[in-house]
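What follows is a set of notes on a single structure, which appears directly below.
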Amino acid sequence: MPTQDESEARSERRQADEPTADGPRTDGGTRRRTFLKGSAAALGATALPAGAAAATGRDRPTPADVPVARSEEGMVSSLHPQATAAGAEVLRSGGNAIDAAVAVQFALNVVQPHTCGIGGGGFMVVYVAEEDELYAVDNRERAPFGADPEMFLDDDGEALPFQERRTSGNSVGVPGTLRAADVALKRYGTMDLAPLVEPAIGLAGEDGPDVHVDAPLAEAIAGNAEVFNDAASEVFAPDGHPLEEGDTLVQPDLAHTFRTIRDEGIGPFYKGDIATALAETVQEAGGTMTPADLARYNVTIDHPEYAEFRDVTVRTQSLPSSGGLTIGQILKLVEPFDLGERGRYSPETYEILLEAFGLAFADRGAYMGDKAFVDAPWQGLFDEEYLETRRAHISPDRHALDTLEPGNPWDYQPGEPYRVTPVGPTGERGPTRDSGQTTHFTTADSEGNLVSWTSTIEQFFGSGLMVPEYGFMLNNEITDFDAVPGGPNEVQPWKRPLSSTSPTIVFRDGKPLMTVGSPGGPTIITTVAQVLLNVVEFGLGLRQAIAAPRVYKAAGDTILYEAGLPRGTRTVLSRAGFEFADEATRLGNVQVIYVDPDSGEYVGVADPRREGAVEGI
Ligand code: GLU
């Protein structure tokens, strides 16, 4: 594995087919660009907003749009400058990476309320340097005890349409974010909750710094106003007028809730007034959640999945997130194909990637669910002989695979399937869901601790339900279960829905190399896999790795792609039978902290696909 600088040199040599800012490059690639080094003058203690691509109206970011920071002392990267600043301030005041991550989470609840918050859940991977140990704090929402496998079916036994499921009280899972913040601080942090929620109180209330609606928030408000309950409309679309970009966002009820948390801790949320109001809101919308469900909630802590690829070890969340197993499988499937030699943007590379994505997603749909309820065949999925049977389907022969059926990993490991239920090639039971878009952030400190945290309320603004007088949005995570029961991801009481969330920390030679993660529902998996491949397989510099156009394919889905994917490659693959969406889209929002193996310096980047920011201290 080369150093970052070597990587850049290597990647510049290899980028003969890398698209330029003006479009796909076909001239043999003699122009040179330097990224990290060239931007050094812009580094330092200032949060650098990442909205350049959006601001200039370009439909895809270039490496130059990717904000970057370097520091030996600490780093914060999130999708909003005020949230990043809140975390950086904690680091400056002597807090560690876990303390900083909690401050970022509270601030994000205020400044990007459509993406995450105390009404949601997520997965947090923490590297504790002193112990040289990695922990996965699973704060996934759980189905309330009153949930029923058939609750998303209509009277004819058909799945309800997605939007109907999403806005029902039944879509709301018991939230885990606040419990995760509290537990993580007690286990790995150095500070109390109170000072870490303080910046968010300032941002939410009338007396603190102004918060202005940014373009992604304005777009999310406009796109979701019709699902808001009255409380949410009052805040985000007062008098029927959705807030627009640049408007001031004030959330006094949320400030009040945060003051309660500052003064009384998390008790009122899980066992007091807030729990009662939350359960009432859910029940009024037709759900079953009770205060007892909230009182019972706790996070689980275990070790992330483990996959070796080339000379790195990729550690990502385990089930109920499919991220760890599916990213690992994708990497193992493509490893022998030597994509690096085929070129990052060649049709062969994309053909191999898309077929590997499809095969891995077929297994995901057939076998994965909450590990407390379902025995997924994780040994078989990584068995080299099994992988060979799957790789036999992949070849860059200009013919898309006809069908992408799941394999049978149970033949390659002891034990019996939890349940044998045929599942369609899409792995989707019920009408297709939207792909969701939430948030990923990451922190690092001078001790070497790292946090990689993907936090979600599922869709933008979750279920559309705000808890009246408390000012926070409730998730719709329960729609991540299959609407139609019968498979490993059917709804069951107190079960966690299958996720794609993939907060990742990569190691080389036993030392942390980089954190990475993204929002985007199932596209998270392919986005994170591509960024990892960009760095480890293709040797791209970090800014190139983030800016490079992404693709997504599940077992039966049309291929989603970003602008910048060379048209020639798309044409060749379309002729080979790959079905691309009619238009390009944006996929994911990746925040990365890279640890320079030579100097130990942190290099942080934020994804310009939204208006994020990275700050070194
Ligand atoms: N609900 C999604 C999942 O757990 C994550 C949210 C998102 O779409 O980013 O897979």
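Bridging of LYS371 to aspartates and glutamates at a Cα separation below 18 Å is possible for ASP138, GLU141, ASP302, GLU305, ASP363, GLU416, GLU477, ASP480, ASP482, GLU490, once same-chain residues fewer than 8 apart are set aside.
From the alpha carbon centroid of region 341-411 to that of region 137-185 is 29 Å. Inter-part distance, region 243-310 to region 62-104, computed on C-alpha centroids, equals 23 Å. Dipole check for region 476-550: with +1 at the C-beta of Lys and Arg, -1 at the C-beta of Asp and Glu, and the Cα centre as origin, the magnitude is about 300 Debye. Give me the net charge of PHE337's neighbourhood, meaning all other residues with Cβ under 12 Å from the Cβ of PHE337; Lys, Arg count +1, Asp, Glu -1. Overall, the nearby charge balance is -4. The fraction of Cα-Cα pairs per 10 angstrom bin, counted from 0 for region 162-263, comes to 13, 33, 36, 17, 1 percent, rounded to whole percents. Ranking GLY462, GLY87, GLY358 by how far each Cα lies toward the positive end of the dipole of the chain (charges on Cβ) leaves GLY358 at the top.
Whole-percent P(r), the chain, all Cα pairs, 10 Å bins from 0: 3, 18, 30, 28, 16, 4, 0. Taking every C-alpha pair closer than 8 Å and separated by at least 6 residues, the mean separation divided by the residue count of region 221-317 gives a relative contact order of 13 percent.
For the chain, relative contact order (Cα pairs under 8 Å, six or more residues apart, normalised by length) works out to 27 percent. Report, for the chain, the % of DSSP beta bridges that are antiparallel, rounded to 5. That works out to approximately 95 percent antiparallel.
Where a number appears in this text, it was derived from the coordinates with a stated rule and is not lab data. Owing to the predicted nature of the structure, the values given are computational and were not obtained by experimental measurement. Cβ coordinates were reconstructed from backbone atoms using ideal geometry, including for glycine residues, and neighbour counts include every protein chain displayed.
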